[in-house]
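Structure first, then comments.
The values are calculated or read from the model by the stated rules, or taken from the named source; none is laboratory data. Predicted model, so just to flag it, every value in this text is computed and none were measured. We place every Cβ from the backbone using ideal geometry, glycine too, and count neighbours over all the protein chains shown. For the accessible areas, the whole protein counts, side chains as well, though only heavy atoms, and no ligand, DNA or RNA atoms are used. Shrake-Rupley method; radii C 1.70, N 1.55, O 1.52, S 1.80 Å.
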Amino acid sequence: MVVYLVGAGPGDPDLITLKAIKALEKADVVIYDRLANEKILKYANGAEMIYVGKRAGKHSKKQEEINEILLKQAKKHDMVVRLKGGDPFVFGRGGEEVLSLLEEGIHVEFIPGVTSAIGVPTTVGLPVTHRGVATSFTVVTGHEDPTKKEKQVKWNYNADTIIILMGVDRLKKNTEEIMKHKDPETPVCVIENGTKPDEKIILGTLENISEKNINPPALVIIGPVVDLFKDIQKNMPEDQA
């Protein structure tokens, strides 16, 4: 028995890796999330499909239940694919699932996915690093576990580019915290439904971005690379911009 922990990529089904497709083609059962594009499931023809998608405030399954499902299916089948949006180890709770499987002696293998943190900005032409503009970036969750006794996110990051995942619901609060350490006029780009047909780009500053109409799923990019992105957009042919 083996469980493959597989990253599905940022949304566009064409951005899944060849290795992930090969695993899906051999799977007996696929346990998948909301952010894993369902078009990808066609590669697992004949496999049993189990949906365990969740989003903030609307969990179809608690994490403990998902862990139990993984264990149960791993003991029943030769090959289980756990398909997660983006990369399974970038805010995907992949580590929690792996530990629960290893405690029961289940063999686990890993297939990375293109994380939305980098893949989504790239697909619109926004470099998260650029010589002379940004030499570093940090990826941070915008929504910490509310049960924590102490918050780990301090928002005083020195990276040139800050990328926030899962931060739409707390955008105002988060940007207020960041403005304690950065200029309120720091440019911001929000990308909704990245890599998908209904993708939407919203531009602003730390001071005003939370006033705009933004809906999840979306990621937030903060820093001077956003001004660079604006220059790139200006010089793109009209059919690309």
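With viscosity 0.692 mPa s and temperature 37 °C, the Kirkwood radius over alpha carbon pairs of the range 112-163 converts through Stokes-Einstein to a diffusion coefficient of 255 µm²/s.
Suppose R0 equals 35 Å. What FRET efficiency, 1/(1 + (r/R0)^6) with r the Cβ-Cβ distance, do Asp231 and Glu68 give to the nearest 0.05? Display every interim value, and only then the final one.
Working: r = 51 Å, r/R0 = 1.45.
That gives a FRET efficiency of 0.10.
Projecting label points 7 angstrom from Cα along Cα→Cβ for Glu185 and Asp14 puts them 4.0 nm apart.
Loop only by DSSP, 16 or fewer other Cβ within 10 Å of the Cβ. Give me the GluC sites (Glu not before Pro) in the range 98-159 that pass, ordered by residue number. Write out the running numbers ahead of the final one.
Details: sites: Glu103, Glu104, Glu109, Glu144, Glu150; in loops: Glu104, Glu144, Glu150.
Loop-located and lightly packed - Glu104, Glu144, Glu150.
Starting from the Cα-Cα distance between Lys154 and Arg93, subtract it from 0.36 nm times their residue separation and give me the gain in nm to one decimal.
Numbers: separation 61, 0.36 × 61 = 21.96 nm, distance 2.08 nm.
My answer for the length gained is 19.9 nm.
Note on Leu102: accessible area approximately 100 square angstrom, rounded to 10, probe 1.4 Å, nucleic acids and ligands left out. Extension gain for the segment Glu199 to Asn213, taken as residue separation times 0.36 nm less the Cα-Cα distance, is 3.7 nm to one decimal.
How high is the relative contact order of the range 101-214, given as a whole-number percent (alpha carbon pairs under 8 Å, six or more residues apart)? The partial results should precede the final answer.
On the way: 127 pairs, mean separation 22.8, N = 114.
Relative contact order of the range 101-214: 20 percent.
Looking at the range 66-97, which GluC sites (Glu not before Pro) are in a loop (DSSP not H, G, I, E or B) and have at most 16 other Cβ atoms within 10 Å? Please report the intermediate quantities before stating the final value.
Values: sites: Glu68, Glu96, Glu97; in loops: none.
Filter output for the range 66-97: empty list.
Residues whose amide H falls under 5 Å from that of Gly86, counting only those 5 or more places apart or on a different chain, are Ala8, Gly9, Gly11, with hydrogens built in the peptide plane.
Suppose R0 equals 41 Å. What FRET efficiency, 1/(1 + (r/R0)^6) with r the Cβ-Cβ distance, do Met49 and Thr129 give to the nearest 0.05? Provide the component values of the computation, followed by the final result.
On the way: r = 38 Å, r/R0 = 0.93.
Calculated transfer efficiency: 0.60.
Expressed in Å, the radius of gyration and Dmax of the Cα atoms of the chain are 19.0, 56.
Taken along the Cα-to-beta-carbon direction at a fixed 7 Å, the label points for His107 and Arg34 span 3.5 nm.
So how much slack lies between Lys172 and Lys26, counting 0.36 nm per residue of separation and subtracting their Cα-Cα distance, in nm?
Numbers: separation 146, 0.36 × 146 = 52.56 nm, distance 4.47 nm.
The span from Lys172 to Lys26 would gain 48.1 nm if fully extended.
Quick one: compute a quarter of the convex hull surface over the Cα atoms of the range 153-241 and quote it in nm².
Projected area, direction-averaged: 5.9 nm².
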